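Contents: one structure, followed by commentary.
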Amino acid sequence: MCYDAEFPEFGRHLVDQGANIVFVPFCTDERQSYLRVRYCAQARAIENQCYVVMSGNVGNLPKVHNMDIQYA
């Protein structure tokens, strides 16, 4: 879902279908990735005059593969 937020067509389609709030769950492991998702979500909110809610993972799960560190 966070990757979809990077493209304007996805948000436009949701709003055309009647959405007032777009939820963007994401899983990033560094600040640069988090900011990319954040700025794209802000752009979708401005373009479509809707609310965008971001929800990311925070912390770490050291015994789970590829979930050792999260940044949100």
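The values are calculated or read from the model by the stated rules, or taken from the named source; none is laboratory data. This structure is a prediction, so every number in the text was calculated from the model and none was measured. Ideal geometry is used to build each Cβ from the backbone, glycine not excepted, and the neighbour counts take in all protein chains shown. Note: accessible area is taken over every heavy atom of the protein model, side chains too, but ligands, DNA and RNA are not part of it. Shrake-Rupley method; radii C 1.70, N 1.55, O 1.52, S 1.80 Å.
What to note about this one:
- Scanning the stretch 50-72 for residues that are among the polar types (S, T, N, Q), open to solvent by less than 100 Å² (accessible area, probe 1.4 Å) and more than 12 Å from the chain's Cα centre (by Cα) turns up Asn60, Gln70.
- Scanning the stretch 9-27 for residues that are part of a loop (DSSP other than H, G, I, E, B), in contact (Cβ under 8 Å) with a residue 12 or more places away in the chain and either within 30 Å of Asp68 (Cα to Cα) or open to solvent by 60 Å² or more (accessible area, probe 1.4 Å) (or both) returns Asn20, Cys27.
- Asn66 vs. criteria touching a strand residue (DSSP E or B) at 6+ places or on another chain (Cβ under 7 Å) and either more than 20 Å from Pro8 (Cα to Cα) or aromatic (Phe, Trp, Tyr) (or both): no
- Close pairs from the stretch 38-58: first aliphatic (A, V, I, L, M), partner surrounded by 15 or more Cβ atoms within 10 Å (Cβ to Cβ) and in a loop (DSSP other than H, G, I, E, B), Cβ under 9 Å, at least 6 apart: Ala41/Cys2; Met54/Cys2; Met54/Ala72; Val58/Tyr71; Val58/Ala72
- When we screen Val64, Val52 for residues that are at pLDDT 90 or above and among the hydrophobic types (A, V, I, L, M, F, W, C), the only hit is Val52.
- Among the residues listed as Glu6, Glu47, Glu30, the single one being open to solvent by less than 70 Å² (accessible area, probe 1.4 Å) and of a type in the set (Asp, Glu): Glu6
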